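Input: a single structure, listed below in structure tokens.
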Amino acid sequence: MKFKNCILLLFSVLLGNNVFSQTTAYIDKPYLQDFSVKHYLQDSSMQLRKVFTDKNGKVRILSSAWILQPHGGQFQYPGALLPDRSYVPMIGKKIKDMVIHERQFVYLDDKAVFSNAWAGNLYSKHDMPNARLFCAGPNFTFLVSDGKKLKIIQDSKILDEKALSGKEVSAIRFDALHNRFLILSSQSIDTYSLTTKELQPVFQGNDLTCFEIANNKIYVGTKNGYFVLQADSFKSLGNIQRKLPCTDLTTIAIVHDQVWFGSPLGAFMLRSDGGYNYYYGERWIPSNRVIHISAGEGQNVNILTTRGLGEIHFQKMTLYDKALTYEKQVRQRHIRYGFNSDISTLKHGDLSTFEMGQRDSDNLWTSMYLVSQLFRYKVTGDKEALDNCLESFEAMQRQFAITGMKGYFARGFERRGYHKFSPKQWDGGMTNGWVKSSNEEWDWRGTTSSDQTVGQMFALTLLAQNMDGEVKQKAVTLIDQLMTNIIENDWYLIDFDGKPTLWGKWNPEYVNSFSKTVGDRKLNSSNIIGFLQTAYHFTKKEIYKQKAYELMYKHGYLENLLRSLKEIGRVTEADGKLAAELSEDWNHSDDEMYFLGYWCLYPYAFTPELKKQYGAAIKEHWNFERPEKNGLWNLCYAMTGAKEFDKAETIWYLKEFPLDMIEWQVMNSHRKDIEPVPANFRGQTITQVLPPDERPELKHNRNLFKLDRPSNGQAELSAGDSFLLPYWMGRYLKVISAPQSLASRE
């Protein structure tokens with residue numbers, strides 16, 4: 001039996017991580033991906049009122065001054081709303097309302113209902129100088145109102161007139177099934193029958209703000225929720241709905257068979273499961289106060305706000321198509337000297353203002369991007385992916401070379417003269433640590449941390465595992481030099497000043513100084529054992545196995561790394577000030593260090609027994625993280641061969657990831673459709689995590705249950721670590737298929 005276990009272990013190691021989850025792969029079929037194209041109002045004195053799209057795909061906006069049209073907008077590059085001068089005679093008209101009828105624009109001014117369609121033949125006078133809203137019926141019949149009176153007109157003939165007592169008309173709709181108009185006021189719904197010419201009140205209510213009719217149902221919005229009426233009986237279909245992103249409704253529309261709502265706090269769409277897709281902030285719309293919603297061209301949805309138009313596009317794409325979109329984003333704006341970098345110098349989301357600079361975690365983000373491109377290359381054979389991977393590897397190699405300290409790598413580097421030098425002085429939570437290199441053109445930054453080391457080992461391990469020849473040898477050499485450096489310096493990363501860096505510490509005296517309930521004791525033990533196993537596997541140097549066993553059994557690192565997460569929690573300053581600070585709340589950066597480190601810990605276990613123990617610890621950690629529905633954590637767990645790793649949630653995560661990764665303002669705490677939970681150590685705020693495109697945090701090392709981000713458009717995240725790593729990992733692990741149309745090629 002022992003011989004059989006050894007053979008199985010050897011077989012799995014020889015295959016690297018190709019013994020993966022045995023689950024059936026997700027078939028990558030096209031789905032509808034949403035993104036926004038925005039157009040901003042140039043004249044703030046104008047009031048925007050309605051937006052429609054005609055059969056030719058032309059979009060026109062009714063304003064208090066004239067008809068406007070969108071101009072020049074693209075995804076992430078906003079356009080403007082400019083006057084429509086295509087019909088010169090329209091410029092002087094006092095247009096009060098606009099509708100779409102038979103997929104053509106129809107207008108209301110102080111004299112008539114008219115259109116430029118149908119050869120201009122539609123011009124029906126209404127003799128109501130203060131007319132301000134109207135609705136089209138059959139055979140070019142129109143109901144026109146000034147808010148108090150109603151007129152039914154056709155071919156400039158007044159067919160009927162009615163007066164509303166004590167009511168102010170706010171909206172009119174035509175109910176084709178019953179051949180009647182519906183008239184909304186703040187207290188009631190009235191009907192006007194074209195058959196009987198009778199005006200009748202049919203529903204009484206309070207604070208009614210908007211309505212829409214479809215499929216024999218009337219959706220009625222109020223200042224505190226919405227309800228649905230049966231259109232033939234006006235009986236209520238269920239209770240008023242108040243579990244909404246915002247209950248104060250400004251408009252309702254049925255667009256492409258979906259129910260859409262507008263509010264002072266964004267727009268939202270009713271899903272088939274009863275939940276809502278929420279479109280808040282400038283990721284989607286120019287401002288949050290929504291005025292009108294209508295169908296756009298194709299699957300598009302027009303959302304008109306006080307500051308402009310947001311066109312929500314729904315485009316068919318596969319996850320592979322989405323990945324290629326992100327590949328372009330990374331290469332165009334986020335590669336700095338081969339590093340994968342976020343940018344945080346934007347001026348209100350204007351991508352022409354971005355500047356790249358060294359960031360604290362560029363090394364970690366780069367390792368994740370590098371591995372994404374390595375996986376992409378292994379899956380597709382794409383030479384571009386290989387080139388991207390090797391470019392980032394060159395940057396990571398230079399981090400070692402530029403320090404002049406064998407086995408010690410820099411946090412980052414920059415051309416000389418762009419950083420102030422204040423070595424080892426506390427600088428807003430991070431030591432500055434800039435050093436002049438031997439090359440007079442360059443400076444490098446020390447203060448290298450444990451998470452940077454995880455990044456290096458994650459990338460170097462997978463390069464060593466998946467590449468051959470010179471690239472593999474370079475990766476193995478760096479693993480060897482890094483681990484030798486740590487061992488020779490008594491399990492510390494020693495900085496340029498001869499002292500340990502703040503976080504690069506795996507020494508037993510340091511690690512075991514923490515209470516067993518402090519997460520760093522478990523984390524550092526897990527990471528360093530994984531590093532040593534990897535170093536032994538690729539170098540065959542006995543010192544790495546010897547030191548690993550020494551840490552595991554003499555210093556309790558095996559017990560540490562196997563300790564249940566249920567035991568991790570807060571401690572007081574009685575256990576040490578640093579311990580209290582580290583355990584103040586759950587550290588999501590630790591999760592990232594764990595899961596990336598598992599690629600060193602699990603595959604290269606010294607024995608089947610250890611591998612089984614590691615697998616159980618990884619599974620427990622994954623179960624703790626399941627509420628986040630983080631695709632990367634799920635796939636790192638799938639690496640262990642798990643049959644169940646929440647594949648459906650992983651695909652949901654990837655599909656719901658926003659194409660626009662500018663960090664726009666996101667606010668969710670006001671929502672009535674989410675269920676809060678009591679304050680807790682893990683920082684979980686609500687029962688169900690929000691989709692990535694509705695929440696403020698997208699990075700894997702942040703709290704995905706965070707609800708709000710007040711800042712607006714000051715940074716853009718790179719997709720290289722956040723999306724591309726989990727997507728290409730899923731492809732590499734064979735749990736996501738090639739795009740269906742390309743499956744035969746790969």
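Could you work out how far apart the two model spin labels at Gln332 and Asn121 are, taking each label as a point 7 Å from the Cα in the direction of the beta carbon, and quote it in nm? Distance between the two pseudo-spin positions: 4.7 nm.
For Gln154 and His178, the FRET efficiency from 1/(1 + (r/R0)^6), where r spans their Cβ atoms and R0 equals 22 Å, is about 0.70. Estimated at the nearest 10 Å², the accessible area of Lys157 is 130 Å² with a 1.4 Å probe. From the largest down, the range 376-415 spans 37, 22, 12 angstrom on the principal axes of its Cα atoms. Residues in the chain average 41 Å² of solvent-accessible surface per residue, probe 1.4 Å, ligands and nucleic acids excluded.
Ignoring everything but the protein chains, give the 1.4 Å probe accessible area of Arg570 in square angstrom, nearest 10. For Arg570, solvent-accessible area is about 140 Å². Number of Lys-Lys pairs in the range 329-488 with C-alpha atoms under 15 Å apart and a separation of 8 or more places or on different chains: 4.
Just the number, please: Stokes-Einstein D of the range 577-654 in µm²/s, Kirkwood Rh from C-alpha pairs, 25 °C, 0.890 mPa s.
Numbers: Rh = 13.5 Å.
Once the numbers are plugged in, D ends up at 182 µm²/s.
Of Lys235, Lys125, Lys322, the order by accessible heavy-atom surface (1.4 Å probe, DNA, RNA and ligands excluded), from most exposed downward, is Lys235, Lys125, Lys322.
Carbon and sulfur: what percent of the chain's accessible surface (1.4 Å probe)?
Using a 1.4 Å probe with all protein chains present, the chain comes out at 49 percent carbon and sulfur.
By the Stokes-Einstein formula, at 1.567 mPa s and 4 °C, the chain with its Kirkwood radius over alpha-carbon pairs has D equal to 45 µm²/s.
What full-extension length gain, to one decimal in nm, is calculated for Lys545 and Leu32 as 0.36 nm per residue of separation minus the Cα-Cα distance? Please list the in-between numbers first.
On the way: separation 513, 0.36 × 513 = 184.68 nm, distance 5.06 nm.
Working it through step by step, the gained length comes to 179.6 nm.
Spin-label model, Asn130/Ser564: points 7 Å from Cα along the beta carbon direction are separated by 7.5 nm. Mean residue ellipticity, 222 nm, helices only, the chain: the sum of -39500 (n - 2.57) across DSSP H runs of n ≥ 4, divided by residue count and rounded to 500, is -9000 deg cm²/dmol.
With R₀ set to 56 Å, the beta-carbon distance separating Tyr553 from Ala25 gives a calculated FRET efficiency near 0.90.
Taking a span of 15 Å or more along the helix axis (Cα atoms) and a mean Kyte-Doolittle hydropathy of at least 0.5 as the rule, the DSSP H helices of the chain that qualify are 2-14.
Below 8 Å, C-alpha to C-alpha, sequence gap of six or more: please give me the relative contact order for the chain in percent.
Numbers: 1611 pairs, mean separation 95.8, N = 746.
Dividing the mean separation by the residue count of the chain yields 13 percent.
For a label point 7 Å from the Cα of Gln299 along Cα→C-beta, name the residues of the range 310-335 whose backbone N is under 17 Å from it. Under 17 Å, as judged by backbone N against the label point of Gln299, lie 311-325 of the range 310-335. Scalar couplings 3J(HN,Hα) for the range 560-571, obtained by applying the Karplus form with A = 6.51, B = -1.76, C = 1.60 to θ = phi - 60°, are 4, 6, 8, 4, 5, 5, 5, 8, 7, x, 6, 10 Hz; x denotes Gly and Pro. Model label points for Thr325 and Gln74, set 7 angstrom from Cα along the Cα-to-Cβ axis, are 1.5 nm apart.
The values are calculated or read from the model by the stated rules, or taken from the named source; none is laboratory data. Quantities reported herein were computed from a predicted structural model and do not represent experimental measurements. Methodologically, a virtual Cβ is constructed for each residue, glycine included, from the backbone with ideal geometry; neighbour enumeration extends over all protein chains shown. The area values use the complete protein model at the heavy-atom level, side chains included, leaving out ligands, DNA and RNA. Shrake-Rupley method; radii C 1.70, N 1.55, O 1.52, S 1.80 Å.
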